[in-house]
Each structure stands twice: as structure tokens, then as C-alpha cells.
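Notes follow the structure.
The values are calculated or read from the model by the stated rules, or taken from the named source; none is laboratory data. All values derive from a computational prediction rather than experimental measurement. Backbone-built Cβ (ideal geometry, glycine too); neighbour counts: all protein chains shown.
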Amino acid sequence: MNRTLRGFRDILPPDSELFSAIEDAAREVFRLHGYREIRIPTLETKELFVKSTGDTTDIVEKEMYAFTDGGGREVAMRPEGTPGVARAYIEQNLSQGGRNAKLFYIGPMFRAERPQAGRYREFTQIGVECIGNPSPSADAESISLLVKVLEKAGAPGCTVELNTLGCSDCRRAYRDQLLGYLKLNTEALCEACRRRVDRNPMRALDCKVDGPWLADKAPHISLCPGCVEHFDRTQALLKAAGVDFKVNRTMVRGLDYYTRTVFEVKAGALGAQDAVAGGGRYDDLIKSMGGPAAPSVGWAMGLDRAALVIKAAGAAPEEKGPSAFFVASGKEAGLEAFRLMSDLRAVGIPADYSNFDLSMKSQMRSADRSGADYAVIIGEDELKSAACSLKPLKGQAGQESVPFAGLASRLAVKPA
Ligand code: HAM
């Protein structure tokens, strides 16, 4: 028997319905904030991610599903959405007219990480990118948007953590300072950090082994006045928007393109993989890819993780069966039931059935299991009188006879 690959999974009802409900909530909030949908390919050139996500990041170094296709092209399954959106912005000339692009995407991402609770090799991100706006108001709006999506989706207990990494100038100066410190302390570094220290000293700050002690001991970044002002203003705007957050000076994020503001949303309910969402500003990425100067900010939320948070809080939407479950015996009754079902569905009343060729007893068992409000029973007597028997399935007593012609209006009235 064929089985799913490790880290890949089937999302079944009711989880799939919870996923859709979160997507619907996000789409509604995006619409209110002027974000429009972009659909980008799942497969891109490998080079796109090497150059934007960063060749010393874990994602590109170890986790990418990259391969040579039949035509000899080096391609990769997208591990994240930002590089593809940035590529599309340049390739499709979205900067035309000097307008900011406010785009969202929803779709699967692929990372060959070690699977564990909340960490999969295929997972879904809901992400946004606001391209072309250098103002701290774009940072604050983006973060507040994220909080609103989580609220609307019903995910409680989420905390926003905020930091600034400085602009490219601050980072350049800091990089040299940090490299000097790390070189003096090479012995104390883990093997991976030692290996990449020259190529990307900043990665050590994000390392699970060395990050914690470096946060204590290594020199901290000193920010230029522009970056201080940007960070202060972002915080003031977040407060004005009523967004709770805490500053976490040790947060660096594991992707190369960030400048200035970075943020994560954590949820205690998730355990080790506690980041529901992460994002930040990337002022230089699009230019470095050959596009126009387009300072940008965005985030991505792990849909799978948001669903875990909602489920852990018992806040998943109640499972709902159809209004009417049809039970019919005989060919003629089956025909009538089929017609009535179609009438109900046409006016927006959910209706279902199992199989009219089965015994009434077995059909009633399915009706009981279906979570329907009513069983609509059609046998010989009902056919003769052109009225079905309506049997409540949710604890109410009694059965009533409802003329076929009046069934839709009777069912439009919700049971008490
Ligand atoms: P990221 O932090 O790599 O950022 O991923 C964002 C979110 O995706 C994480 O917080 C987590 O919820 C989810 N996620 C990541 N990996 C996995 C996994 N293996 N299994 C389940 N969920 C996962 C980015 O991807 C950036 N592109 C975000 C961004 C957009 N920055 C600016 N714009």
C-alpha cells in the first residue's frame, strides 16, 4: 500500500474545514486592509531562493527540495513565499504607477525539516507583502493586520515579539564587530557556527546552540539615528492601534533579507515550535534582485500551527451536519427524494442522503450519525399523500407531516 511521505499528511474533515475557516477569516481581514491576492508558482529556479532567502540559512543549506528537472534546470519547491512575490513584482512590473503593492498569498510551502508536532515538510502559509512603503506605518499596519487575522480566526493566547536588526549600514558595521568577537571565541562555538562564521557571522545569533549565550555575551548592535527613529515610531504606532507587543532584543529570524523591524507571534499552546507567524521589513531585497528600490515589509503565518492553537483552545467551529437527511424506500420515493433534495439545495438548505437502495433501517442509522437536524422520510404512504415525515434528530420529540411543496419553507425555520 502506498503511504504519505514522512512530514507530508492528509488534512481531513473537520481539520480541513477549520483550515478553510481560517483562510476565510484572513481573506476578509485582507480585503478590509486593501490587500489583494497573488498566486505564485510552487516551483521556481533554485537560484531565486539561494539569492534571496540566503545561501547560509538552514532553509537553503539543508531543507530545500531542490532538484534538476528533466530539462537539466536547477529548480526548487518553494520553501517560503517572499522570494516568489519579489520576483513577480519585478517580472510583472508591479511597481508601475509608483503604487505600493499590497499582496497576500495562501499556499503550500516545502521544507525538509525533521518532522515533529507543528513542524511538517509540506505546510501552508498565509502571507502578506507590502512592497514600496518605507514608512514605519507600513510595519505597524502589517503587524496589526496579523493580530487581526489571528483574532478573527479565533486563535487566543498569541504574543507579538518585536525587534530591530538595523539597516544595511548598521548591519555592515555590526557584522565586522561581531565577526571580531566570534573569531576570538571560536572554541566556544558549535561546529556549524564555526564553519559559517566567515560567510555569515549573524547566523550564530540565530543558532539554537550558540544563540542563547551569544545574546548575553556578544556585543549588541548599535543603531543609526534613522533606525532608532524607525523602531520608536513603529512602537508608537502599534500602541496607537492598540496592539500589545513586547520587545525581544535577541530575536534575529533565520532568513537573510531582513532589515530593521522583525517580529514573531508566539503561542504557548504550540510547545517547541511556538511561532505561529513571523515576518519583518526587507528594504534591500527587491533591489538586490535587479528590481527598483522597493522597501517592503511582510509576514507569513503557519496555517497548520494556527489551526493547532485554535484546537488546543477548544475554539474550533462546531461540526455541523445538514439540515435535512433524506431517507427513502422504493424507486418512486427515491426519485421524489432526489428532486426535493435538489430543491432544498437550490434555496441554500443543506441536504444529504446515504443510498436510497439500502434498507430504511440502515438509512436511518446514517441519518442519526450525520448530525442532521431532521430526517426527511419518504415511503409509500408519504408518496400517496405528497407529504414527507419530518423526524427531528436533535432530541426534540414528535414527528410531523409536511407537504412536499412546503418542505423548504418549513426547514428554513431553524429548530429551537
Ligand atoms: P518563516 O518564519 O520562515 O518566515 O515562516 C513563517 C511561519 O511559517 C512560521 O512562523 C511558522 O508558523 C510557519 N512554518 C515555517 N516552517 C514550518 C514547518 N516546517 N511546518 C509548519 N509550519 C511552518 C517566512 O517564511 C517569511 N517568508 C515570512 C515573511 C514574509 N517575511 C517577510 N514577508
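Descriptive notes on the structure:
- Taken over the range 24-56, the residue count meeting the criterion of being surrounded by 20 or more Cβ atoms within 10 Å (Cβ to Cβ) and touching a Pro at 6+ places or on another chain (Cβ under 9 Å) is 3.
- Figure legend. Inter-residue proximity from the range 111-137: first residues closer than 15 Å to Val276 by Cα and of a type outside the set (Val, Ile, Thr), second residues near the ligand (Cβ under 6 Å from one of its atoms) and assigned to a helix (DSSP H, G or I), beta-carbon distance below 6 Å, spacing 6+ or different chains. Indicated pairs: Gly118/Arg305; Phe123/Asp304.
Residue by residue, here is whether (1) within 12 Å of the ligand (Cβ to nearest atom); (2) among the small types (Gly, Ala, Ser); (3) assigned by TED's automatic domain parsing to the domain that holds Ala173 holds:
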site	(1), (2), (3)
Gln235	no, no, no
Val247	no, no, no
Val252	yes, no, no
Ala277	yes, yes, no
Gly280	yes, yes, no
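Quick grid of which residues meet (1) surrounded by 18 or more Cβ atoms within 10 Å (Cβ to Cβ); (2) more than 13 Å from the ligand (Cβ to nearest atom); (3) not in a helix (DSSP H, G or I):
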position	(1), (2), (3)
Val85	yes, no, no
Gly97	no, yes, no
Leu103	yes, no, yes
Arg114	no, no, yes
Phe123	yes, no, yes
Val128	yes, no, yes
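- Qualifying residue in the range 202-222 (condition: assigned to a loop (DSSP other than H, G, I, E, B), within 16 Å of the ligand (Cβ to nearest atom) and in contact (Cβ under 8 Å) with a residue 12 or more places away in the chain): yes
- For the range 283-324, taking the residues that are within 25 Å of the chain's Cα centre (by Cα) and free of Cβ contacts under 8 Å to residues at least 24 places away in the same chain, the one that is farthest from Gly81 (Cα to Cα) is identified as Glu318.
- Note on the range 360-390: residues that are under 41 Å from the mean Cα position of the chain (by Cα), without any contact (Cβ under 8 Å) to a residue 40 or more places away in the chain and surrounded by 15 or more Cβ atoms within 10 Å (Cβ to Cβ) total 2.
- Check on Glu264, within 21 Å of Arg171 (Cβ to Cβ), of a type in the set (D, E, K, R), at pLDDT 95 or above and more than 16 Å from the ligand (Cβ to nearest atom): no
- Considering the range 348-416, the qualifying strands (runs of 3 or more DSSP E), each wholly inside and each with 1 or more residues that are touching a Phe, Trp or Tyr at 6+ places or on another chain (Cβ under 6 Å), run over 351-353, 374-378, 387-392.
- Scanning the range 268-285 for residues that are at pLDDT below 95 and either crowded, with 21+ Cβ neighbours inside 10 Å or at positive phi (or both) yields Leu270, Gly271.
- Among the residues of the range 10-43, those that are more than 18 Å from Ser296 (Cβ to Cβ) and of a type in the set (D, E, K, R) comprise Asp10, Asp15, Glu17, Glu23, Asp24, Arg27, Glu28, Arg31, Arg39.
- Residues of the range 42-68 satisfying the condition of being assigned to a helix (DSSP H, G or I) and of a type outside the set (D, E, K, R): Leu48, Phe49, Val50, Ser52, Thr53, Gly54, Ile59, Val60
- Cross-chain or 6+ apart pairs with Cβ under 6 Å, the range 169-185 first and without any contact (Cβ under 8 Å) to a residue 40 or more places away in the chain and assigned to a helix (DSSP H, G or I), then of a type outside the set (A, V, I, L, M, F, W, C) and surrounded by fewer than 16 Cβ atoms within 10 Å (Cβ to Cβ): Tyr181/Pro219
- Subset tally (residues that are in a helix (DSSP H, G or I) and surrounded by fewer than 19 Cβ atoms within 10 Å (Cβ to Cβ)) for the range 130-140: 1
- Scanning the range 282-316 for residues that are more than 7 Å from the ligand (Cβ to nearest atom) and in a helix (DSSP H, G or I) returns Leu285, Ile286, Lys287, Ser288, Leu303, Ala306, Ala307, Leu308, Val309, Ile310, Lys311, Ala312.
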